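Data block below; observations after.
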Amino acid sequence: MHVIDVNTPQQAYKIAIAAPGLDRLGELMSELNLGKKVLLVSNPAIFKQYGERAIASLQAAGFDATSCILPAGEQYKTLTSVQKIYNAALEKRLERSSTLVALGGGVIGDMTGFAAATWLRGVNFVQVPTSLLAMVDAAIGGKTGVNHPQGKNLIGAFHQPRLVLIDPQVLQTLPAREFRAGMAEVIKYGVIWDAELFVQMEQSKRLDQMRYLGADLLQNILNRSCQAKADVVSKDEKEAGLRAILNYGHTIGHAVESLTGYRVVNHGEAVAIGMVAAAQIAVALGMLSSEDAIRQDALIQKAGLPTQLPTGIDIEAIIDALQTDKKVKDGKVRFILPTQIGAVEITDKVTADPVRQVLQHMRSVGK
């Protein structure tokens, strides 16, 4: 078991990466002196594959564990779904010492975490991510929340988990498109933080399916991505400064997701599009060499991810949507732009013109 420590003012906790790890959930939670009542939140497909193992592990460790099943999909990441968690928590008579366990991808993790942050003004929370995207990003750092019709994750809270348990074996049943979506976040870490990881991925012939990576590269991706997220979050828990770099590709990506109703592209695909745009904006502003932008785009394509805007999307609507981004400060949109592979800068000096030109090029290329 590979263990990474996350130290934040709110909560210190461990990321445990173990294969197989799901059967150790109860054992690892019992070491945290939590209350006996546990509500496990999942979606139908994930619970069918892994729910019984998780519940059995919890019960074997002495926990009184039951489940709450929510519909799958970003379009269900709403307050209505969170209300179902509250109803189950009330029926279960959860106490402040009780724990909500998120078994699923980023959507389940975000909603379960938000419910944990707000039920009884805060109960324990454990993340058991089942998608690559959630393993390397969404499950770590305590960001929780739901979407508003006008924007992604506008309603939320910071609520750190007590434990993040990652079992790489569950990725074997992850749909190929979801694996590719997770690779977008991994590539992000290579661009913003870890040039060595970026080079390792460049050396792999294919990144679009797990079987092409090899066990060593997959393990390294998990270890280094989780370590990068832990390092950044430990230094800046609530995105006062440094942590904003984790939103590389997300500024335009979130706008694309929202404007397409969360049904055309998934989160990872939107982030990939956003990273292409951000790198091109950086090139236009003289911050990044065109060679490094080409390297990034080649890696994105190797992972089977899009580099062009979805058909029919309105560029002016994207620019307008940027104003509702959570990172807007004093009315100025803050962009995270790369300066080289492994380093980025946060700037609010980007005007609409270069953004518009880059987006127009990304649309015209796709025609």
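Taken together, the values in this text are just the output of simple stated rules run on the coordinates, not laboratory data. As the structure is a computational prediction, the values presented were derived from the model and not from experiment. As a convention, Cβ positions derive from the backbone with ideal geometry for all residues, glycine included, and neighbour counts pool all protein chains shown.
Points worth noting:
- Structure-derived Cα extents along the principal axes in Å: which label, when the choices are (i) 87, 50, 35; (ii) 59, 41, 36; (iii) 70, 58, 33: (ii)
- When the charge dipole of region 49-180 is built from unit charges on Cβ atoms (+1 for Lys and Arg, -1 for Asp and Glu) and taken about the Cα centre, the candidate among 98, 148, 70 whose Cα reaches farthest toward its positive end is 148.
- Cα long-axis angle, helix 79-92 against the chain (0 to 90 degrees, to the nearest 10): 10
- With an a/c value under 1.5 for the gyration tensor axes a ≥ b ≥ c computed over the alpha-carbon atoms, region 243-366 is described as rounded.
- Entry note, the chain: relative contact order of 15 percent, from Cα contacts under 8 Å with a spacing of 6+ residues.
- Cα shape, region 298-352, gyration tensor, a/c 1.5 rule: oblate
- Highest-MSF residue in the chain out of 295, 93, 162 [GNM, Cα springs under 10 Å]: 93
- Note on region 204-344: with charges restricted to the Cβ of Lys and Arg (+1) and Asp and Glu (-1), its dipole about the Cα centre is near 380 debye.
- GNM top mover of 216, 348, 236 - the chain, alpha-carbon springs below 10 Å: 216
- Cβ-derived FRET efficiency at R0 22 Å, residue 240 paired with residue 332, nearest 0.05: 0.85
- Length-normalised contact order of region 38-110 in % [C-alpha pairs under 8 Å, at least 6 apart]: 50
- Using only side-chain charges placed at the Cβ, +1 for Lys and Arg and -1 for Asp and Glu, the dipole size of the chain relative to its Cα centre rounds to 620 debye.
- Gyration tensor over alpha-carbon atoms, region 1-108, equivalent ellipsoid semi-axes in Å: 22, 17, 16
- Beta bridge orientation in the chain: antiparallel %, DSSP, nearest 5: 45
- If you plug the beta carbon distance of residue 324 and residue 231 into 1/(1 + (r/R0)^6) with R0 = 22 Å, you get a FRET efficiency near 0.15.
- Highest mobility in the GNM of the chain, judged by mean-square fluctuation with C-alpha springs under 10 Å and restricted to 254, 148, 159, is found for 148.
- Dipole size of region 54-112 about its Cα centre, with +1 on Lys/Arg Cβ and -1 on Asp/Glu Cβ: approximately 80 debye, rounded to the nearest 20.
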